[in-house]
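Student: Encoded as structure tokens, here's the structure I'll be asking about.
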């Protein structure tokens, strides 16, 4: 019990000394004149001033391809899984469609028939020309016979030209049918990663129907969604929305720093690739999308991750700065600050330059080390702060002065029992 009382007295003394130190520090840091007004101050200092704008958005894939065959049929020999790395030209799956073989055979037969017709018409043209020559050389031939012979040649040549066109069309149709048949072997259009896989062996692909469906009496299903999406994860970029007020300040090649909601204490750098000139409105707020490229990639960064980007507009090194709260605006539009001289504030006109969320550049009117007022407190303000601090301290000291308990079951309040 004596040890408990000793620990309790030690804690009370330690906390009392801490409170005295805090009050002393406040009195030293804050200047107070005879009118009962307290001034919070800060010193003019040289620093690197970084001006930036921020926006929120997501990680996007710049290069991706949908694998969506234009032919119908049943999926078989599916050889990839979600997340697999694939190479361009690699076989992904095949489509069973015997009707395409029939179409190819029919188209080829039509082509052969058209080609045979061309050969036949070429022979007819030769015959017509030979006949015309014979008639022309015969002295007994009449003009009517000669005219008929010439007309036969014209008609034969016309039929030949038409059959050649038909043969060309038949061959083109055959090639198209063959291309469709070859599409039954589906290959990867680019190098990348399988980021969507919505099919399985036995599924029915087809352009007819606009919804996904399945039938319990069959092991296959019909789908109209994109079967496979391949994304090149080496082309990840950030797309962020910039407020219309800041959008005019953002330009290509400006540096940016990016943080991610899902990854603590992690930052990537990049630069602005482009700033879109067409904005979008949402609940009366207009924003413009900016695309940012990463200087380097990290395997923890995934598509669609939420992020915040700080885009650097300007960097000024070794410039005089003060806290934004210290800068005031006069009625004539000029800027001024209150400088502490002999423990009293003196108004001084200043010229300001760039600024960010916390600091403002001073280009004229102040020197490094000057003390400026950042906030003026009246007695009522000071009393309110004092009461708030006292209330907070009382809450923290409950259990040391009786009637309370230190969290964790330590020292009980009130006099000890024997």
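What follows is calculated from the coordinates using simple rules that are stated; it is not laboratory data. Everything quoted here is computed from the prediction, not taken from an experiment. Neighbour counts are summed over all protein chains in view; Cβ atoms, including those assigned to glycine, are modelled from backbone coordinates with ideal geometry.
Student: How much of the DSSP bridge set in the range 72-228 is antiparallel, in percent, rounded to the nearest 5?
Tutor: That works out to approximately 85 percent antiparallel.
Student: Obtain the nm distance between the two label points defined at residue 133 and residue 341 by a simple spin-label model: each point lies 7 Å from its Cα along the Cα-to-C-beta direction.
Tutor: Here the answer is 12.2 nm between the modelled labels.
Student: So if we plug the beta-carbon distance of residue 76 and residue 308 into 1/(1 + (r/R0)^6) with R0 = 35 Å, what FRET efficiency do we get, rounded to 0.05?
Tutor: The computed FRET efficiency comes out at 0.15.
Student: Taking Cα pairs under 8 Å and at least six residues apart, what relative contact order does the range 313-364 come out at, in percent?
Tutor: 35 percent
Student: Taking the Cα-to-Cβ direction at residue 91 and at residue 162 and moving 7 Å from each Cα, how far apart do the two end points lie in nm?
Tutor: Spacing of the two 7 Å Cα→Cβ label points: 4.6 nm.
Student: Quick check on the exposure proxy: order 95, 242, 135 from fewest to most C-beta atoms within 10 angstrom. Walk me through the numbers on the way to the answer.
Tutor: Working: 95 22, 242 25, 135 18.
In increasing order of surrounding Cβ atoms, one gets 135, 95, 242.
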